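The next block holds one structure in the form of structure tokens; read it before the comments.
Here, each number is a calculation from the coordinates, and none is a lab measurement. This one's a predicted model, so the numbers in the text were calculated from it and none came from an experiment. Quick reminder, even Gly has a Cβ in these numbers, built from the backbone with ideal geometry, and neighbours come from all protein chains shown.
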Amino acid sequence: MGVSRKGPGPSARRRSRRAGPGVSAPRLYDDLSSWWPILSDPADYAPEAMRHRKSLVAACARRPRTLLELGSGGGNNAVHMKRHFRSSTLVDISPGMLAVSRKLNPECEHVQGDMRTVRLGRTFDAVFVHDAIGYMTTEKDLAAAIETVHVHTAPGGAALFVPDYVRETFEPAAQHGGHDGNNRALRYLMWTWDPDRRDTTYRLDFAYLLRHPDGTVTAEHDRHTLGVFPRATWKRLLARAGFKVKVLLDPEPDLEPSARVVFVGKKPQ
Ligand SMILES: C[S@@+](CC[C@H](N)C(=O)[O-])C[C@H]1O[C@@H](n2cnc3c(N)ncnc32)[C@H](O)[C@@H]1O
């Protein structure tokens, strides 16, 4: 996952909600989900959310009024985007993350679902998939998520995908951050590394220090397995789904590499 620009965005074996064949859900979205807003402050997302909204609006044939976000997490993008749409629907696989987002975005519709398979039975003018797309670790999963997006995009509408990396831009990194909450605090180290550059996955290992309301501090480890694909794979899968594809570069000063590759899919009218 990407962390927010100043926090992260993706294990422990303790509790293992299954996220897909052979993959355990990261603890950050499971037993630790209530810590998300302290790890990744919604306020830090404002500039990036504005850039992505503008890219989406520019790609739509007419002004978009309805927004769907897949893998919406704690709603840190939605909180900045929602006021520009008549309605926003937020889908995430994690009940804990949906609960965090409901507090921040009570006026948005929240739906629990897997971006590979969810079908809402309606279309939206704009569809947004931020760093959650990183949890697609195989080409088959990425194609399934792209198909979900295509099915939910209205003719003349557009979709925006913002993976943390494509294969060509991946770089190992170590970052740290965290915030003070009202009665709790968190600091983390996020270590991005790739044990095998020939496959389509890489790892994030998080070390969290959690300061609890009674002042005790505990340390936790959380491993996230994420997907990374060449630009050409993205373009091929998007075109195969029926999108007209455009590639943008988003300046992302708080993340390495210094620019992120963003994929726009326009659905013909
Ligand atoms: C880094 S967080 C997203 C944070 C989000 N960008 C925000 O604005 O708060 C990644 C999210 O992807 C979700 N996720 C992972 N796999 C998913 C899937 N198959 N379908 C839907 N959501 C998924 C996780 O539950 C988690 O909430």
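Within the range 100-125, being crowded, with 20+ Cβ neighbours inside 10 Å and part of a helix (DSSP H, G or I) holds for Val100, Ser101. Taking the range 45-66, which residues are within 13 Å of the ligand (Cβ to nearest atom) and surrounded by 18 or more Cβ atoms within 10 Å (Cβ to Cβ)? Residues satisfying the conditions are Tyr45, Glu48, Ala49, His52, Arg53. Applying the selection to the range 30-43, what residues are surrounded by 18 or more Cβ atoms within 10 Å (Cβ to Cβ) and out of contact with any His (no Cβ under 9 Å at 6 or more places or on another chain)? Within the range 30-43, Asp30, Leu32, Ser33, Trp35, Trp36 qualify. Select from the range 216-269 the residues that are within 20 Å of His150 (Cβ to Cβ) and part of a strand (DSSP E or B) and list them in ascending order. Scanning the range 216-269 gives Gly227, Lys244, Val245, Lys246, Val247, Leu248, Val261, Val262, Phe263, Val264, Gly265, Lys266. Scan the range 34-52 for residues that are out of contact with any Leu (no Cβ under 9 Å at 6 or more places or on another chain) and of a type in the set (A, V, I, L, M, F, W, C) and the total you get is 4.
Being in contact with an Asp or Glu (Cβ under 6 Å, 6 or more places away or on another chain) and either closer than 25 Å to Arg51 by Cβ or surrounded by 18 or more Cβ atoms within 10 Å (Cβ to Cβ) (or both), is that true of even one residue in the range 211-227? Within the range 211-227, not a single residue is in contact with an Asp or Glu (Cβ under 6 Å, 6 or more places away or on another chain) and either closer than 25 Å to Arg51 by Cβ or surrounded by 18 or more Cβ atoms within 10 Å (Cβ to Cβ) (or both). Residues in the range 184-224 that are in contact with a helix residue (DSSP H, G or I) (Cβ under 8 Å, 6 or more places away or on another chain) and polar (S, T, N, Q): 1 in all. Taking first residues from the range 37-54 that are within 12 Å of Asn76 (Cα to Cα) and partners that are of a type in the set (Phe, Trp, Tyr), the Cβ contacts under 9 Å between residues at least 6 apart in sequence or on separate chains come to Leu39/Tyr188; Leu39/Phe206; Leu39/Tyr208. Checking Phe85, Phe128 one by one, the residue that is crowded, with 16+ Cβ neighbours inside 10 Å and more than 11 Å from the ligand (Cβ to nearest atom) is Phe85 and no other.
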